[in-house]
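J.: Have a look at this one.
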Amino acid sequence: MEIAKMTALEMARGIRQGDFTCVDAVQAVLGQIEQKDGDINAYITVMKEEALQRAADVQKEIEAGGYADSPLAGVPISVKDNICTKGVKTSCASQILGDFAPVYNATVIERLEKAGAVIIGKLNMDEFAMGSTTETSFYGPTKNPWDTDRVPGGSSGGAAAAVAAGEAMIALGSDTGGSIRQPASYCGVTGLKPTYGTVSRYGLIAYASSLDQIGPVGKDAADCAALMDIIRGKDERDGTSLALTGGSLLAGLSTDIKGMKIGLVAECFESEGLDPAVASAVQGMAEQLKALGAEVETVHLPFLDYVIPAYYIIAAAEASSNLSRFDGVKYGFRAKEYDGLVDLYEASRSEGFGFECKKRILLGTFVLSSGYYDAYYKKALQAKAVIKERFDEIFEKYDLILCPTAPTTAPKLGQSLQDPLKMYLSDIFTVSVNIAGLPGLSVPCGFDEAGLPIGGQLIGNRLAEDKVLKAGFAYQSVTDYHKQWAPCDKTGGQQ
């Protein structure tokens with residue numbers, strides 16, 4: 001029995017049935033981290049002692065009949081390093097935060113602990129979630145477990161890589177423009193970006209507040225549904241969080257999608273940058289969904305060329321405001337040499353932030369500045385409104401939209417940093433979901449000729465996580481792409 005190859009739900013059942021203990025589960029995952037993370041670099045902080053003590057405590061509770069209603073009790077969970085964990089370093093993969101340890105837990109951490117989960121560590125990411133490759137991290141790049149010469153995607157690359165390598169059973173990431181779904185595609189795992197407002201952002205260190213959402217990265221749709229059941233719901237500390245109705249997402253999963261209407265986006269397959277292997281895999285996914293009883297028709301998203309500029313203007317504008325709080329005064333990194341307060345600000349921010357962060361802060365400051373606000377930021381907000389209206393029109397007729405998650409499989413390390421425009425365009429199929437506040441699920445749907453994973457993206461209307469997860473679950477019930485084990489070396493290929 002290889003514990004580390006189980007899904008999170010399988011592990012929880014094994015603990016509940018007494019096949020092994022919560023401590024055994026944590027030790028199995030720690031063993032994977034010790035064995036593999038020197039090459040993968042998925043973690044910034046591993047909470048070994050804390051996790052083992054927590055596992056022992058949870059095991060006692062389970063044996064006493066506790067956590068009876070929790071589907072993930074005893075399961076080790078890893079967390080992206082922009083989610084606050086009390087007393088544990090939370091760095092956003094940036095030098096500017098130094099060894100900052102929050103004095104409080106994010107709401108999602110509180111809810112995980114209440115459900116009996118065991119936090120095992122904090123995951124690597126692009127600095128302040130600004131990037132699509134996890135190469136902008138101050139702590140060095142994360143490597144793709146399918147080929148360690150390639151990127152895992154980003155910004156939640158540490159989360160996707162850890163799950164793919166068996167270094168995490170399931171993980172929490174955040175998604176601002178594709179940061180859960182794109183790395184899930186590159187690493188052959190399943191990732192859900194929830195509807196904006198379904199998961200509290202209290203304790204998530206902000207990048208772009210109107211776009212950010214916390215969500216699960218798991219081995220399959222069922223694991224993601226189980227984690228969503230725990231973390232979603234109203235939080236009085238986040239004014240944008242929603243009071244939700246309806247039952248359990250996990251309990252609502254089934255393989256019956258007969259009559260579900262799915263729109264296949266024509267413009268995605270007309271994109272010059274789309275890899276033929278990706279196109280073929282996603283079209284194959286459409287055929288499989290048809291075979292399961294869904295109705296699949298072509299739909300049009302004519303605004304696709306506008307989503308990247310609109311997204312980067314909005315995201316950079318909000319980042320320039322959100323990141324102004326990191327100034328070298330209150331906490332984190334402070335420059336050693338400076339002359340007066342203003343020079344302290346300039347020196348600390350210049351030395352503390354990486355190049356990609358500084359670039360986006362400057363871009364955001366520019367588009368919000370006098371004389372340019374109307375020309376850029378206001379127009380981007382108008383484009384956002386048009387995009388939301390077009391999605392509303394489509395969802396009057398269709399239950400879901402299907403398209404590729406990313407236009408290619410994982411690029412080589414260094415390629416995207418040499419060509420920033422190409423890196424930004426890797427999010428072309430994901431950013432519109434954040435702009436419109438919709439749920440999107442990436443599921444593995446094939447491999448290219450090099451054996452690298454391909455992801456297909458299912459997009460639903462606002463608060464339609466149940467439909468998105470149900471379709472993903474049904475698809476995974478008749479395919480095994482999500483069950484393949486990454487080799488964690490430089491060869492690529494399936495095992």
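J.: Limited to the range 234-266, what total is found for residues that are crowded, with 17+ Cβ neighbours inside 10 Å and farther than 30 Å from residue 104 by Cα?
T.: The total comes to 7.
J.: Given 374, 392, 399, which one is modelled with pLDDT of 95 or more and exposed (fewer than 14 other Cβ atoms within 10 Å of the Cβ)?
T.: On the way: 374 fails: modelled with pLDDT of 95 or more; 399 fails: exposed (fewer than 14 other Cβ atoms within 10 Å of the Cβ).
One residue alone meets the criteria, 392.
J.: Specify which of the listed residues (217, 278) is over 24 Å from residue 105 (Cα atoms) and either part of a loop (DSSP other than H, G, I, E, B) or not small (Gly, Ala, Ser) (or both). Steps first, please.
T.: On the way: 217 fails: over 24 Å from residue 105 (Cα atoms).
Unique residue meeting the criteria: 278.
J.: Over 24 Å from residue 288 (Cα atoms) and of a type in the set (Gly, Ala, Ser): which single residue out of 406, 450, 383 fits that description? Don't jump to the end; show me each part of the working.
T.: On the way: 406 fails: over 24 Å from residue 288 (Cα atoms); 450 fails: over 24 Å from residue 288 (Cα atoms).
Residue meeting the stated conditions: 383.
J.: Moving to a separate point now. If we scan the range 406-422, do we find a residue that is closer than 20 Å to residue 195 by Cβ and in contact (Cβ under 8 Å) with a residue 60 or more places away in the chain?
T.: Step one: list which residues in the range 406-422 are closer than 20 Å to residue 195 by Cβ, which gives none.
No; the residues of the range 406-422 include none that is closer than 20 Å to residue 195 by Cβ and in contact (Cβ under 8 Å) with a residue 60 or more places away in the chain.
J.: Would it be correct to say that residue 243 is among the aliphatic types (A, V, I, L, M) and part of a loop (DSSP other than H, G, I, E, B)?
T.: Numbers: among the aliphatic types (A, V, I, L, M): yes; part of a loop (DSSP other than H, G, I, E, B): yes.
For residue 243, the condition - among the aliphatic types (A, V, I, L, M) and part of a loop (DSSP other than H, G, I, E, B) - is met.
J.: Just to be sure I understand, how many residues within the range 330-357 are surrounded by fewer than 17 Cβ atoms within 10 Å (Cβ to Cβ), small (Gly, Ala, Ser) and outside any helix (DSSP H, G or I)?
T.: Selection size over the range 330-357: 2.
J.: Out of (1) open to solvent by 10 Å² or more (accessible area, probe 1.4 Å); (2) within 29 Å of residue 396 (Cα to Cα); (3) over 19 Å from the mean Cα position of the chain (by Cα), what's the single condition that is false for residue 474?
T.: Tallying (1) open to solvent by 10 Å² or more (accessible area, probe 1.4 Å); (2) within 29 Å of residue 396 (Cα to Cα); (3) over 19 Å from the mean Cα position of the chain (by Cα), residue 474 fails exactly one: (1).
J.: Which of the residues belonging to the range 438-463 are more than 27 Å from residue 276 (Cβ to Cβ) and either touching a Pro at 6+ places or on another chain (Cβ under 6 Å) or open to solvent by 10 Å² or more (accessible area, probe 1.4 Å) (or both)?
T.: Filtering the range 438-463 down to residues more than 27 Å from residue 276 (Cβ to Cβ) leaves 438-439, 460-463.
Of everything in the range 438-463, those that are more than 27 Å from residue 276 (Cβ to Cβ) and either touching a Pro at 6+ places or on another chain (Cβ under 6 Å) or open to solvent by 10 Å² or more (accessible area, probe 1.4 Å) (or both) turn out to be 439, 460, 461, 462, 463.
J.: So is residue 229 crowded, with 24+ Cβ neighbours inside 10 Å and touching a Pro at 6+ places or on another chain (Cβ under 9 Å) or not?
T.: Details: crowded, with 24+ Cβ neighbours inside 10 Å: no; touching a Pro at 6+ places or on another chain (Cβ under 9 Å): yes.
No: the conditions fail for residue 229.
J.: Follow-up. Scan the range 423-439 residue by residue and report those that are at pLDDT below 95 and under 17 Å from residue 196 (Cβ atoms).
T.: The answer is 427, and nothing else.
J.: When you look at residue 46, is it in contact with a Gly (Cβ under 6 Å, 6 or more places away or on another chain), farther than 25 Å from residue 157 by Cα and at pLDDT 95 or above, yes or no? Lay out the reasoning, then the answer.
T.: Numbers: in contact with a Gly (Cβ under 6 Å, 6 or more places away or on another chain): yes; farther than 25 Å from residue 157 by Cα: no; at pLDDT 95 or above: yes.
No; evaluated as a whole, the condition is false for this residue.
J.: Kindly indicate whether any position in the range 51-64 is of a type in the set (Asp, Glu) and in contact with a Ser or Thr (Cβ under 7 Å, 6 or more places away or on another chain).
T.: Step one: list which residues in the range 51-64 are of a type in the set (Asp, Glu), which gives 57, 61, 63.
Keeping just the survivors that are in contact with a Ser or Thr (Cβ under 7 Å, 6 or more places away or on another chain) gives none.
There is no residue in the range 51-64 that is of a type in the set (Asp, Glu) and in contact with a Ser or Thr (Cβ under 7 Å, 6 or more places away or on another chain).
J.: Within the range 49-81, track down each residue that is open to solvent by 70 Å² or more (accessible area, probe 1.4 Å) and either closer than 25 Å to residue 225 by Cβ or touching a Leu at 6+ places or on another chain (Cβ under 6 Å) (or both).
T.: 61, 68, 69
J.: Kindly check whether there is at least one residue in the range 194-203 that is polar (S, T, N, Q), in contact with a Leu (Cβ under 7 Å, 6 or more places away or on another chain), touching a residue at least 40 places away in the same chain (Cβ under 8 Å) and over 17 Å from residue 410 (Cα atoms).
T.: Yes, the range 194-203 contains a residue that is polar (S, T, N, Q), in contact with a Leu (Cβ under 7 Å, 6 or more places away or on another chain), touching a residue at least 40 places away in the same chain (Cβ under 8 Å) and over 17 Å from residue 410 (Cα atoms).
J.: Could you check how many residues of the range 55-80 are without any contact (Cβ under 8 Å) to a residue 40 or more places away in the chain, part of a helix (DSSP H, G or I) and not small (Gly, Ala, Ser)?
T.: Taking the range 55-80 and keeping what is without any contact (Cβ under 8 Å) to a residue 40 or more places away in the chain, we get 56-57, 60, 63-65, 68-69.
Then keep just the ones that are part of a helix (DSSP H, G or I); that gives 56-57, 60, 63.
From what's left, not small (Gly, Ala, Ser): 57, 60, 63.
Result for the range 55-80: 3.
The values are calculated or read from the model by the stated rules, or taken from the named source; none is laboratory data. Owing to the predicted nature of the structure, the values given are computational and were not obtained by experimental measurement. Note: ideal-geometry Cβ built from the backbone for every residue, glycine included; neighbour counts use all protein chains shown. Accessible surface is based on the protein model in full, side chains and every heavy atom, while ligands, DNA and RNA are left aside. Shrake-Rupley method; radii C 1.70, N 1.55, O 1.52, S 1.80 Å.
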